[in-house]
Amino acid sequence: MKKLSALFIVLSLMATSIPMTQATDKKRGKEAKKEMKKKASKLARKEARKFKKSKWFVAPGALPMDKQVEKAWLLQYEDDENGYPLYLVASGNSVAESQSAAKLQALELAKLELAGIVQTNIVAIIENSVANNQLSREDAASITKTVAASKNIIAQEIGRVVTLFEIYREVGDKNMESSVRIGYNSKMAHQTAKDAIKRQLEEQTEQLHKKLDKILDF
């Protein structure tokens, strides 16, 4: 009887501790987000001051530069449920005769940089798969070669990106320089890359396709 009473007490304590733990975790999560925002705001102000000192400005009607840069920093700090970055972030700069042309070119360069980041991540996964004996060196070499040739295709197929900030400055008498920073969901970016690489590997064996699906199953 005493043992049953003791067991009941332990179970009761466990039952009451679960919501307390959840509440504590929730509180810690809020505190972490608050601290993250504080840090992002500080970094944003510092970066915005540098931009303004170099004569950069925002387009009429756009958010103030401090707010745009803060948005960029906050997005870079966001993680998914596994603790990995939720967004990939890339930048692009371009000079053209008009503001709109400079922005368009800067966006394309940012997408190309984004594709390069995805490429690097996939190559790392492939190398790790070789180390873990999930892929042979021959298969890895074939996929890596295709990945290296897919950068432009990946950049072209990247969907709607989040423009974190866009700033401009005059260059010389006629030209305008644009600098943009974009964000793209990590899972979507890797899925885009995976689809592009698979299409490039259409002439390869079905077995290699299956191996690719397995190692790039994000």
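The values are calculated or read from the model by the stated rules, or taken from the named source; none is laboratory data. Keep in mind that what you see is a predicted model, and the values were worked out from it rather than measured. As a convention, Cβ positions derive from the backbone with ideal geometry for all residues, glycine included, and neighbour counts pool all protein chains shown.
Can you name the residue in the range 57-92 that is within 22 Å of the chain's Cα centre (by Cα) and of a type in the set (Phe, Trp, Tyr) and is also nearest to Ala189 (Cα to Cα) among such residues?
The extreme case among them is Tyr87.
Only residues that are surrounded by 22 or more Cβ atoms within 10 Å (Cβ to Cβ) and either more than 13 Å from the chain's Cα centre (by Cα) or in a strand (DSSP E or B) (or both): list them for the range 156-165, please.
Within the range 156-165, Leu164, Phe165 qualify.
Just name the residue that is surrounded by the fewest Cβ atoms within 10 Å (Cβ to Cβ) out of those in the range 94-122 that are among the polar types (S, T, N, Q), under 23 Å from Phe57 (Cβ atoms) and in contact (Cβ under 8 Å) with a residue 12 or more places away in the chain.
If we take residues in the range 94-122 being among the polar types (S, T, N, Q), under 23 Å from Phe57 (Cβ atoms) and in contact (Cβ under 8 Å) with a residue 12 or more places away in the chain, then Ser98 is surrounded by the fewest Cβ atoms within 10 Å (Cβ to Cβ).
Could you please let me know if Gly159 is within 30 Å of Gln99 (Cα to Cα) and modelled with pLDDT under 85?
Spelling it out, Gly159 is indeed within 30 Å of Gln99 (Cα to Cα) and modelled with pLDDT under 85.
State which residue is modelled with the lowest pLDDT when the search covers only the range 168-193 and only residues that are among the hydrophobic types (A, V, I, L, M, F, W, C) and buried (at least 22 other Cβ atoms within 10 Å of the Cβ).
That would be Ala193.
Per-residue answers, yes or no, for (1) farther than 23 Å from Gln68 by Cα; (2) out of contact with any Phe, Trp or Tyr (no Cβ under 6 Å at 6 or more places or on another chain); (3) of a type in the set (A, V, I, L, M):
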site: Asp80; (1), (2), (3): no, yes, no
site: Pro85; (1), (2), (3): no, yes, no
site: Ser94; (1), (2), (3): no, yes, no
site: Lys103; (1), (2), (3): no, yes, no
site: Ile126; (1), (2), (3): yes, yes, yes
site: Lys151; (1), (2), (3): yes, yes, no
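Please enumerate the residues belonging to the range 50-93 that are among the aromatic types (Phe, Trp, Tyr) and under 29 Å from Val171 (Cα atoms).
Phe51, Trp56, Phe57, Trp73, listed by residue number.
From the list Tyr77, Tyr84, which residue is touching a residue at least 40 places away in the same chain (Cβ under 8 Å), closer than 25 Å to Lys211 by Cα, among the aromatic types (Phe, Trp, Tyr) and in contact with a helix residue (DSSP H, G or I) (Cβ under 8 Å, 6 or more places away or on another chain)?
Testing whether each residue is touching a residue at least 40 places away in the same chain (Cβ under 8 Å), closer than 25 Å to Lys211 by Cα, among the aromatic types (Phe, Trp, Tyr) and in contact with a helix residue (DSSP H, G or I) (Cβ under 8 Å, 6 or more places away or on another chain) leaves just Tyr84.
Check Ser129 against each of (1) within 21 Å of the chain's Cα centre (by Cα); (2) within 30 Å of Ser142 (Cα to Cα) and name the one condition it does not meet.
For Ser129, the failing item is (1).
Here is a list: Lys42, Lys26, Lys33. Which entry is closer than 24 Å to Pro85 by Cα, in a helix (DSSP H, G or I), among the charged types (D, E, K, R) and modelled with pLDDT under 55?
Lys26
Run down Val95, Val118, Val123 and say which single residue is more than 23 Å from the chain's Cα centre (by Cα) and outside any loop (DSSP other than H, G, I, E, B). It would help to see each step written out before you state the result.
Working: Val118 fails: more than 23 Å from the chain's Cα centre (by Cα); Val123 fails: more than 23 Å from the chain's Cα centre (by Cα).
The match here is Val95.
Which of the residues spanning the range 77-126 are touching a Pro at 6+ places or on another chain (Cβ under 8 Å) and more than 30 Å from Glu35 (Cβ to Cβ)?
Here is the first cut: in the range 77-126, the residues touching a Pro at 6+ places or on another chain (Cβ under 8 Å) are 78-79.
Once the filter is applied, which keeps residues that are touching a Pro at 6+ places or on another chain (Cβ under 8 Å) and more than 30 Å from Glu35 (Cβ to Cβ), the range 77-126 yields nothing.
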